[in-house]
Amino acid sequence: MIIRAEHLTKQFKSLRRKDGVVGTLANLFSREYDLKDAVKDVSFELEAGELVGYIGPNGAGKSTTIKMLTGILVPSAGSCTVDGVVPWLDRKGNARQIGVVFGQRTQLYWDLPLIESFRLLRAIYGIPHDRYEQNLKAFTDLLDLDEFIRTPVRQLSLGQRMRGDFAAAMLHEPKVVFLDEPTIGLDVVAKEAIREFIARTNRTRGTTYVLTTHDLNDVEKLCDRIIIIDHGSKLYDGSIDAIKERYGGKRVLTADLTVACADIEVRLPGTTVVSREGHRITIEFDRSRVRADELIVELSRTCELKDVTIAEPELEAIIRQIYQSGLEPLTAGATT
Amino acid sequence: MVSAARYWDAYKEVWRLNVLTLMEYKANFFIWLLFTLVYHGVALAAIWVILTKFPSLNGWQRTDVFFLYALWMVGHTLNNSLFFMVGDVPDAVREGRFDRMLVRPLDSLFQIMAQPGQNFPDDFFVSIIVFGIAAALVHLQWTPLVALLVVMTILSAAVIDGAVQLVVATLSFWVIRLDALRWVVMSLENDFTRFPLSMYNRAVRIILGYVFPFAFMNYFPATVLLHKTADAAQFNPALGWMAPLVAAIWAAGSLTFWRIGLNRYQGTGS
Ligand SMILES: Nc1ncnc2c1ncn2[C@@H]1O[C@H](COP(=O)(O)OP(=O)(O)OP(=O)(O)O)[C@@H](O)[C@H]1O
Ligand SMILES: [Mg+2]
């Protein structure tokens, strides 16, 4: 096991601010704090080589968790270890074995060519020259850095910069890499390149990844396991398949009819007509209560079907529902 | 030690990048150089003008005051060359750039100070020349003891200056914006070190001597170097040799304060 988080908790303390001139003066002496529970009692374990999606809505506490695991923040309670090191007690020791990519914020030097940031990182991490050259070559090939490696970072496109940031985070061969929204703002092609890189390095180098993102395609394509948090608490920890199985029992059937479907009714248990538009009817049905063929037979009794498609539930829809209405049975099957 | 070597490696790399950046922004560099010259020129001219009205302040001649300024300037600009980026801590904290320094295997304060593309020792070189001129004007006798005192003073001055900046910067772990305090301390240093401390009232003397000990950067050592016995009646002449001690105390104190602040670090929301 490479990461162990136990009852990790972070409470932010901020001075309560008053407005106006008098308020500003009062602020100087005020000892009133607002407390905010950003992360509450979160525990999980990760094995080396895992690629875990850490997801949750805005303000759920994802970045805060990552900041505790990387040693940036000191938890208010609970603890964690990353490969045996307590991050905030031994920041430098922890730093040697982790890599971090913050999608919102580059670690590259704005005014300097990309390669110069790499050279400085080589010195900062004390990477032996031969290893550095090897890794640089490998990442240059994987990420196609060649065409812009001598360009000042401020002139790079977001996608190029992000590729540079990935290489920068991994030159020192970290065992664990934390990614906080690494695909934010990227186009489809750039996203794909980043995903490919993550999957590749996970496979060939055994790098452990913790991935935070709002793009569930990232998660669906890369991760077997997801951890969902909301309002600072863990809601789910398990495989994507299991969550689809358990919470995605619904399928959507879309049928094109030969006639207008305004007055078509479906009288089967576990079905809901979601929409009727012209000749197209969309029906949501509960897989455990009604089979697709039964539904089609029922429909074709009243009208002729031109075309039928059945859609799998999208992870996105499931997650949206969990964000909105929570997730009742927390325990059963929740932990791996 | 392996890690000392790594710090040295990183520092060399940073300076290489400073030079590279300088090459890329030549115009910017020359504007700064010009600004440095004009800034110190104006300060010196102001001293000169005041001293044409009062040719002597408490027994300090024009050239003595010029020397006082030059001595401060060398220490201060050495501080700028080494520790200038300490002043970046509040911005780095507020903009969230500081996070990055905590996830790299070198001391975060070192990383703040060694940010590439920021430091040019141009004003340090300018001030060494100015100091050379000032020393000649006051006919400073370069005995080994004097040379020792001058070098010790300059090094200590840079440390004192840097340590005061560090204390101010560290406050940003508690208070997000403190530009005002920074300005107060800066002008305290810039304006009140220009003239002999003996001409100020008690409050200023206490502040510069014992609160923010900028007087150890130039005034106390200068009383010894220039044999200002009249001033020595008000101040113990041994103070002229105390800069290293004060520097050591301030360095230790400010670093401790920094560590305490670091553990309070909360980062920013996004
Ligand atoms: N430095 C801070 N001071 C005060 N409150 C903070 C701070 N950092 C985060 N918070 C609060 O803690 C909560 C969790 O924030 P966090 O950044 O961890 O969320 P997140 O899951 O990363 O959200 P997002 O998806 O928007 O990035 C939020 O309510 C946020 O306002
Ligand atoms: Mg976040």
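The values are calculated or read from the model by the stated rules, or taken from the named source; none is laboratory data. Note that the structure is a prediction, hence the values are computed from the model and not measured. FYI the Cβ positions are ideal-geometry reconstructions off the backbone, even for glycines, and counts take in every protein chain you see. Remember, those area values only see protein heavy atoms, side chains included, never the ligands or the DNA or RNA. Shrake-Rupley method; radii C 1.70, N 1.55, O 1.52, S 1.80 Å.
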Practice problem: Give the span of the stretch A:249-312's Cα atoms along each principal axis, as three whole-Å numbers ordered largest to smallest. | Solution: 30, 20, 17
Self-check item: Cβ-derived FRET efficiency at R0 51 Å, A:V74 paired with A:E196, nearest 0.05
Solution: 0.90
Exercise. Could you tell me which helices of chain B pass both thresholds, a Cα extent of 24 Å or more along their own axis and a mean Kyte-Doolittle hydropathy of at least 1.0, with helices taken as whole DSSP H runs?
Key: B:26-53, B:144-170
Exercise. Restrict the search to the stretch B:125-173; then list the chymotrypsin sites (Phe, Trp or Tyr not before Pro) that DSSP places in a loop and that have at most 13 other Cβ atoms within 10 Å of their Cβ.
Key: B:W142
Exercise. Quote the Stokes-Einstein diffusion coefficient, in whole µm² s⁻¹, for the stretch A:33-155, based on the Kirkwood radius over alpha carbon pairs, a temperature of 4 °C and a viscosity of 1.567 mPa s.
Key: 75
Quiz item: Just from its helices, what would the mean residue ellipticity at 222 nm be for chain A, if runs of 4 or more DSSP H residues each count -39500 (n - 2.57) and the sum is divided by every residue, rounded to the nearest 500 deg cm²/dmol?
Solution: -10500 deg cm²/dmol
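When Cβ neighbours within 10 Å are restricted to other protein chains, what is their mean count per residue of peptide A:123-131?
Averaged over the peptide's residues, the number is 4.
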Quiz prompt | Probe 1.4 Å, accessible area per residue of the stretch B:4-264, Å² | solution = 45
Quiz item: Counting only protein heavy atoms and using a 1.4 Å probe, what share of the accessible area of the protein assembly as shown belongs to carbon plus sulfur, as a whole percent?
Solution: 59
Quiz prompt | Other protein chain Cβ atoms within 10 Å, averaged over every residue that makes up B:105-112 | solution = 3
Quiz item: Accessible area per residue, 1.4 Å probe, Å², for chain A: what's the number?
Solution: 48
Practice problem: Work out how far the C-alpha atoms of chain B reach from end to end along every principal axis, then list the three figures in whole Å, largest first. | Solution: 58, 39, 38
Exercise. Give the share of C-alpha pairs in each 20 angstrom bin for the protein assembly as shown, from 0 to the last occupied bin, in whole percents, shortest bins first.
Key: 16, 38, 28, 12, 4, 1
Quiz item: Which one of A:I283, A:I127, A:I243 has the biggest mean-square fluctuation once chain A is modelled by GNM with Cα springs under 10 Å?
Solution: A:I283
Quiz item: At 222 nm, what helix-only mean residue ellipticity would chain B give, in deg cm²/dmol to the nearest 500, using -39500 (n - 2.57) for each DSSP H run of four or more?
Solution: -22000 deg cm²/dmol
Quiz item: Counting every Cα pair in the stretch A:96-230, what percent are over 23 Å apart?
Solution: 28
Quiz prompt | Two-decimal Rg/Rh across chain A, once Rg and the Kirkwood Rh are taken from alpha-carbon atoms | solution = 1.08
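What is the percent of Cα-Cα separations in the stretch B:24-182 that go past 26 Å?
Counting every Cα pair in the stretch B:24-182, those more than 26 Å apart make up 41 percent.
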Quiz item: What is the Rg over Rh value, at two decimals, for the stretch B:149-270, using alpha-carbon atoms and the Kirkwood definition of Rh?
Solution: 1.05
Quiz prompt | Interface size B-A, as summed buried accessible area [1.4 Å probe, Å², nearest 100] | solution = 3100
